[in-house]
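J.: Below you'll find the structure I mean.
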Amino acid sequence: QVQLVESGGGLVQAGGSLGLSCAASGIIFSINAMAWYRQAPGKQREWVATVTTGGRTNYADSVKGRFTISRDNAKNTVYLQMNSLKPEDTAVYYCNKYPPVSGYWGQGTHVTVSS
């Protein structure tokens, strides 16, 4: 049974930083590209960033230069460091494989950026 457990969200002022973590179990983590996604209130879930098995990264234009995705295969964990946060980054953040598997979505972690 696959479990993806996100943590690290919270309330932060605009311009601040947060670091998210996603612990994976039930999958062979090291052979899977992993990604972060987010869903803002009233909007569809969108892709944020991907890290491949080899560590290559890719970002949505809206977060490029501000967010950094990374992974630790020994800990089965993927991270998202978010800097220079903006109110429009307010969302529930999820991790999943890339491309995502519908049955793998976790509860997510809430990020609220106040102006």
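The values are calculated or read from the model by the stated rules, or taken from the named source; none is laboratory data. Because the structure is a prediction, the values reported are computed rather than measured. Positions of Cβ are generated from backbone atoms using ideal geometry, with glycine treated the same way; all protein chains shown enter the neighbour counts. The protein model used for the area step is the full one, side chains on, heavy atoms only, and it has no ligands, DNA or RNA in it. Shrake-Rupley method; radii C 1.70, N 1.55, O 1.52, S 1.80 Å.
J.: Around Asn32, under 11 Å between beta carbons, what's the net of Lys plus Arg minus Asp minus Glu among the other residues? All intermediate terms of the calculation are to be shown ahead of the outcome.
T.: Values: positive: Arg71, Lys97; negative: none.
Around Asn32, the charge tally is +2.
J.: Which lysines does Lys86 reach when only Cα atoms under 23 Å apart count, and residues fewer than 8 places away in its own chain are ignored?
T.: Cross-link targets: Lys43, Lys64.
J.: Something else about it: Calculate what fraction, in whole %, of the accessible area of the chain sits on carbon and sulfur atoms when a 1.4 Å probe is rolled over the protein chains. Each step should come with its number before you reach the end.
T.: On the way: 2860 of 6040 Å².
Solvent-exposed carbon and sulfur of the chain make up 47 percent of the total.
J.: Now for a different question. Can you find, among Gln13, Thr112, Ser62, the residue sitting farthest towards the positive end of the charge dipole of the chain, where Lys and Arg contribute +1 and Asp and Glu -1 at Cβ?
T.: Positive-end residue among those listed: Ser62.
J.: Among the lysines, which fall within straight-line cross-link reach of Lys75, defined as a Cα-Cα distance under 20 Å, with same-chain neighbours fewer than 8 residues apart omitted?
T.: Answer for Lys75, where 20 Å is the Cα cut-off: Lys97, listed by chain and number.
J.: How charged is the neighbourhood of Ser84? Take every other residue with its Cβ under 14 Å from the Cβ of Ser84, and add Lys/Arg as +1 and Asp/Glu as -1. Walk me through the intermediate numbers first.
T.: Values: positive: Lys64, Arg66, Lys86; negative: Glu88, Asp89.
That sum, taken over residues with Cβ under 14 Å, equals +1.
J.: For the chain, what is the accessible area per residue in Å², given a 1.4 Å probe and the full set of protein chains?
T.: 52
J.: OK, next. Which value, in Å³ per residue, describes the convex hull spanned by the Cα atoms of the stretch 44-105? Please list the in-between numbers first.
T.: Details: hull volume 6.2 nm³, N = 62.
Once divided by residue count, the hull of the stretch 44-105 is 99 Å³.
J.: Follow-up question, since we're still on this one. Can I get the semi-axes of the chain's equivalent ellipsoid? Compute them from the C-alpha gyration tensor as square roots of 5 times the eigenvalues, in angstrom, largest first. Write down the numbers at each step before the final one.
T.: On the way: eigenvalues 99, 42, 31 Å².
Each semi-axis is the square root of five times an eigenvalue, giving 22, 15, 12 Å.
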